[in-house]
Amino acid sequence: GDVHPLGNPHYWLDPENGLRIAKGIESKLSEMRPGDAAYFAERYEDFERRIKQADEKWLAEMKPYAGRKIVTYHRSWPNFAEHFHLDVVGYVEPRPGIPPSPQHTVELIRMMKSEGVKLIAVEPYFDLKTPNAIARETGGKVVVLMPSVGGEKEITDYFKLFDYDIAKLKQAFDETK
């Protein structure tokens, strides 16, 4: 079993991919409504300007944490981690969608201790029992990150999604020095 047999679907968690998605939407809408193509192009250009500006700020905020090793519950974060120069070294799930076995959990704890990994990123819909137990055993911290807009009341758009997750990560990294 594996819920990602055709590849990782969490591609929007990289702002550069968000730009690609927006371009695809702009192109398709322009094809469907050619009379409004100029409007769609204008909206895309505005989004492109704003996302590039925001990404400069996000990259600067994450720069002090570049190269930091983390564990994630699910394989939701490879695009985010690559963009922000984090190193995902393990997963609570042995494979996407497969619950952790006691053996896998023990191996993960051993690896986190030997590599000094202190952070476990978890989405809000996963049970925190195992990640919290792993954090207790390793002296680490569980940080709940949002994978999508709407995961918290204040995450009302794509920009606020990154603002939220980056703030949570920075706080967790600073607490686990």
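The values are calculated or read from the model by the stated rules, or taken from the named source; none is laboratory data. Owing to the predicted nature of the structure, the values given are computational and were not obtained by experimental measurement. Note: ideal-geometry Cβ built from the backbone for every residue, glycine included; neighbour counts use all protein chains shown. Accessible surface is based on the protein model in full, side chains and every heavy atom, while ligands, DNA and RNA are left aside. Shrake-Rupley method; radii C 1.70, N 1.55, O 1.52, S 1.80 Å.
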Of the residues LEU169, LEU161, which single one is within 22 Å of LEU13 (Cα to Cα), free of Cβ contacts under 8 Å to residues at least 24 places away in the same chain, within 12 Å of the chain's Cα centre (by Cα) and not in a strand (DSSP E or B)? LEU161
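Return yes or no: is LYS118 among the basic types (Lys, Arg) and in contact with a strand residue (DSSP E or B) (Cβ under 9 Å, 6 or more places away or on another chain)?
Yes; evaluated as a whole, the condition is true for this residue.
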Which members of the stretch 133-152 meet the condition of being in contact with a strand residue (DSSP E or B) (Cβ under 7 Å, 6 or more places away or on another chain) and closer than 16 Å to PHE173 by Cα? ALA135, GLY140, LYS141, VAL142, VAL143, VAL144, LEU145
Those residues of the stretch 150-160 which are over 14 Å from LYS57 (Cβ atoms) and either in the same structural domain as ASP55 (by the TED database) or not hydroxyl-bearing (Ser, Thr, Tyr) (or both) amount to GLY150, GLY151, GLU152, LYS153, GLU154, ILE155, ASP157
Just one of (1) farther than 25 Å from ARG136 by Cα; (2) among the basic types (Lys, Arg); (3) assigned to a loop (DSSP other than H, G, I, E, B) trips up ARG43, so point out which. (3)
Please state which of the following conditions THR130 fails to meet, knowing it meets all the rest: (1) in a helix (DSSP H, G or I); (2) surrounded by fewer than 17 Cβ atoms within 10 Å (Cβ to Cβ). (2)
Number of positions in the stretch 65-104 that are assigned to a strand (DSSP E or B), touching a residue at least 40 places away in the same chain (Cβ under 8 Å) and among the aliphatic types (A, V, I, L, M): 2
Pairs please, first residue from the stretch 9-34 and touching a residue at least 60 places away in the same chain (Cβ under 8 Å), second anywhere and of a type in the set (Asp, Glu) and open to solvent by 60 Å² or more (accessible area, probe 1.4 Å), Cβ atoms under 8 Å, 6+ apart in sequence or on different chains. ASP14/GLU82
Enumeration of residues in the stretch 133-158 that are without any contact (Cβ under 8 Å) to a residue 60 or more places away in the chain and in a helix (DSSP H, G or I): ALA133, ALA135, ARG136, GLU137, THR138
How many residues are modelled with pLDDT under 95 and either touching an Asp or Glu at 6+ places or on another chain (Cβ under 9 Å) or aliphatic (A, V, I, L, M) (or both) if we restrict to the stretch 150-176? 1
Candidate set from the stretch 135-163 (those that are charged (D, E, K, R) and within 20 Å of ASN17 (Cα to Cα)); member that is most open to solvent (accessible area, probe 1.4 Å): LYS160
Can you spot a residue in the stretch 48-62 that is within 30 Å of GLY139 (Cβ to Cβ), under 17 Å from the mean Cα position of the chain (by Cα) and open to solvent by less than 20 Å² (accessible area, probe 1.4 Å)? yes
Collect the residues in the stretch 105-115 that are in contact with a strand residue (DSSP E or B) (Cβ under 9 Å, 6 or more places away or on another chain) and open to solvent by 30 Å² or more (accessible area, probe 1.4 Å), keeping them in residue-number order. GLU107, MET111, GLU115
